[in-house]
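Engineer: This is the structure I want to talk about, given as structure tokens.
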Amino acid sequence: MAKLALLLLFALPLLLSLTSLLPLPCNAFSVDRPTDRRLLVLVDDLAIRSSHSRFFSSLQARGYDLDLRHADDPGLALRRYGQYLYDGLILFSPSVQRFGGSLDLAAVLDFVDAGHDLILAADSSTSDLIREIATECGVDFDEASGLDPAAMVIDHTSYAVSETEGDHTLIASDDFIKSDVILGDKKIEAPVLFRGIGHSLNTANSLVLKVLPASPAAYSANPLMKLSSPPSLTGSAISLVSIVQARNNARILITGSLDMFSNRFLKSGVQKAGRSIKHKKSGNEQFVTEISKWVFHERGHLKAVNVRHHKVGETNEPSMYRINDDLEYSVEIYEWSGSSWEPYVADDVQVQFYMMSPYVLKTLATDHKGLYSTSFKVPDVYGVFQFKVEHQKLGYTSLSLSKQIPVRPFRHNEYERFITTAFPYYGASFSTMVAFFIFSIVYLYNK
């Protein structure tokens, strides 16, 4: 026994040191562990580590653990022993033809289907593999750029002014989506610099949104060649930056410009064509920082707790209700702010009392401290009902709450002794009896 104890004494520190080297399993964004975030960053050139260091540093400053790997690393894996090793994936490897290790198209899509987040940046060298991932997410990169690697988005009205005339492929765009949840409540004053390829949205996919569309004068073509036919992608149909929020609340960012995240674009000054104001710094750093906060659920992630319902004047939740009961319904909703759970304040959260169709639809009142509540009368219909809250709002994760409760009719001994609405029938019955009695007297004794 003494030898065994001595062996364990020496072996325990070694085992602890080995387990500390192994990556811990990671789930999708967890309301219980919202600060535990590990990201896998795949690049096709390790020089991106330094050329895009400001963006990576901003993620690390917000508490993210980055694992930067080459896209064809033979040891790549997103999952091990059925557990995911990362919470999010950043693909800064537009030219990669094939991922290393066990990573492939299906693995990336399964990663998103499991509720994890993805940032995908492309450029004119984008491979078929990256295009397929984008297509599966509801975004189609310009096919002309696949046939002609030099095809880029060109805009002769919204380009960035430079000392040389240029080919107007360096676009200065400030037509941002109107959403404080996605881009933060601080307005982005300076235009965002973009150089890369455009993409269009799949009209059959209602989950994809344009965050930064191109101007009506933009088109996709090779800037070094003369157009021989009309471009296939033009005007506001071109999206420069798009986002997706899947039904499982996984979030995806897709852009055709890897340079948009680079130190050079983040630090560069910008002046948009046709404007006299020259900004000392582009809006890229604020833009990529704020939108990455949304992608990685630092903003716009809701959770609902303490769903309660009971009869008015009571506190305990009943096993069933009776028709025409007065009840109260309440739920607490909070939003993750990046560091803590804050009360979610809105005036459009509704609850349905539902059986095949909603019999009651009520807007919940809020105390601005996270509590939403209302009261209503149970309809005069018995059956199995549900309390349903379906809250979907631009930029926020969707809430879908459902709680089943049966509703019974009155028992035989619960009806009123005399029903007010039946008084005419009571009167008719007694008047008939009185009339029959009088008729009998008259008939019998009348000669």
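The values are calculated or read from the model by the stated rules, or taken from the named source; none is laboratory data. Keep in mind that what you see is a predicted model, and the values were worked out from it rather than measured. Every residue, glycine among them, receives a Cβ derived from its backbone with ideal geometry; neighbour counts consider all protein chains shown. Heavy atoms of the whole protein, side chains included, go into the accessibility calculation; ligands, DNA and RNA do not. Shrake-Rupley method; radii C 1.70, N 1.55, O 1.52, S 1.80 Å.
Engineer: State, to one decimal in nm, how far the label point of Phe423 lies from the label point of Arg308, with both points 7 Å from Cα in the Cβ direction.
Structural biologist: 4.1 nm
Engineer: Output wanted: per-residue J couplings in Hz (rounded whole) for segment 241-253, from phi through Karplus 6.51 cos²θ - 1.76 cosθ + 1.60, θ = phi - 60°, x for Gly and Pro.
Structural biologist: Coupling constants for segment 241-253: 9, 10, 10, 9, 10, 6, 5, 8, 6, 5, 10, 9, 10 Hz.
Engineer: Using a 1.4 Å probe over the heavy atoms of the protein chains, calculate the carbon and sulfur portion of the accessible area of segment 25-295 as a whole percent.
Structural biologist: 49 percent
Engineer: Here's a follow-up. Which trypsin sites (Lys or Arg not before Pro) from segment 314-385 combine a DSSP loop assignment with at most 11 other Cβ atoms within 10 Å?
Structural biologist: Here the trypsin sites (Lys or Arg not before Pro) that fit, given the DSSP loop and packing criteria, are Lys369.
Engineer: For Lys278, which lysines qualify as cross-link partners when the Cα separation must be under 21 Å and same-chain residues fewer than eight apart are set aside?
Structural biologist: Cα-Cα hits under 21 Å: Lys186, Lys187, Lys267.
Engineer: Between Asp185 and Thr234, what is the label-point separation in nm under the 7 Å Cα-to-beta-carbon projection?
Structural biologist: 4.3 nm
Engineer: Cα convex hull of segment 25-295: mean projected area in nm², to one decimal?
Structural biologist: 14.4 nm²
Engineer: If R₀ is 56 angstrom, what is the calculated FRET efficiency for the pair Ser431 and Glu317, using the beta carbon separation as r and rounding to 0.05?
Structural biologist: 0.70
Engineer: Order of 181-187, 298-304 by packing, highest average Cβ count within 10 Å first?
Structural biologist: Result, highest mean Cβ count within 10 Å first: 298-304, 181-187.
Engineer: What's the carbon and sulfur percent of segment 301-412's accessible surface, probe 1.4 angstrom, rounded to a whole number?
Structural biologist: Taking all protein chains in place, segment 301-412 shows 46 percent carbon and sulfur surface.
Engineer: Find me the longest stretch of the chain that has none of the exposed chymotrypsin sites (Phe, Trp or Tyr not before Pro), where exposed means in a DSSP loop (not H, G, I, E or B) with at most 10 other Cβ atoms within 10 Å.
Structural biologist: 82-414
Engineer: Quick one: Karplus J couplings for segment 90-104, per residue in order, coefficients 6.51, -1.76, 1.60, θ = phi - 60°, nearest Hz, x for Gly and Pro?
Structural biologist: Values per residue, Gly and Pro as x: 10, 9, 9, 9, x, 8, 5, 8, 7, 6, x, x, 8, 7, 8 Hz.
Engineer: Right, next: If amide hydrogens are placed 1.01 Å from N in the peptide plane, which non-local residues have theirs closer than 5 Å to the one on Tyr344?
Structural biologist: HN-HN under 5 Å from Tyr344: Ile333, Tyr334, Glu335, Gly370.
Engineer: Return the FRET efficiency for the residue pair Leu444, Gln404: r is the Cβ-Cβ distance, R0 is 45 Å, and the value is rounded to the nearest 0.05.
Structural biologist: With R0 = 45 Å, the Cβ-Cβ based efficiency is 0.10.
Engineer: Would you please classify the overall shape of segment 301-412 from the alpha carbon gyration tensor, given that a ≥ b ≥ c denote the square roots of the eigenvalues, rounded means a/c under 1.5, and beyond that prolate means a/b larger than b/c while oblate covers the rest?
Structural biologist: Prolate, since a/c reaches 1.5 and a/b exceeds b/c.
Engineer: Right, next: Enumerate the amide H contacts of Leu76 below 5 Å, restricted to partners 5 or more residues apart or on another chain; note that Pro and chain-start residues carry no placed amide H.
Structural biologist: Amide H neighbours of Leu76, under 5 Å, 5+ apart: Gly101, Ser102.
Engineer: Now, a different point. Enter the accessible area per residue of the chain (Å², integer; probe 1.4 Å; all protein chains in place).
Structural biologist: 54 Å²
Engineer: Additional query: Using the Karplus curve 6.51 cos²θ - 1.76 cosθ + 1.60 with θ = phi - 60°, what ³J(HN,Hα) values do you get for each residue of segment 113-121, in whole Hz, with x for Gly and Pro?
Structural biologist: Result, rounded to whole Hz: 4, 7, x, 8, 9, 9, 10, 10, 10.
Engineer: Also, I was wondering about something else. Over the chain, what is the percentage of antiparallel beta bridges among all DSSP beta bridges, to the nearest 5?
Structural biologist: If we restrict to bridges inside the chain, about 75 percent are antiparallel.
Engineer: Additional query: Note the full-extension length gain between Asp72 and Asp175 as 0.36 nm times their separation in residues minus their Cα-Cα distance, in nm to one decimal.
Structural biologist: Values: separation 103, 0.36 × 103 = 37.08 nm, distance 3.63 nm.
Difference between extended and current length: 33.4 nm.
Engineer: List every residue whose amide H lies under 5 Å from the amide H of Ser268, counting only residues 5 or more places away in sequence or on a different chain, with H placed 1.01 Å from N in the peptide plane.
Structural biologist: Ser282
Engineer: May I ask for the distance between the Cα centers of segment 68-126 and segment 194-263, given as a whole number of Å?
Structural biologist: Using only Cα atoms, the two centres lie 21 Å from each other.
Engineer: Within 10 Å of each candidate Cβ there may be at most 16 other Cβ atoms; applying that plus a DSSP loop requirement, which GluC sites (Glu not before Pro) in segment 360-447 survive?
Structural biologist: For GluC sites (Glu not before Pro) across segment 360-447 that sit outside H, G, I, E and B with at most 16 neighbouring Cβ atoms in 10 Å, the list reads Glu414, Glu416.
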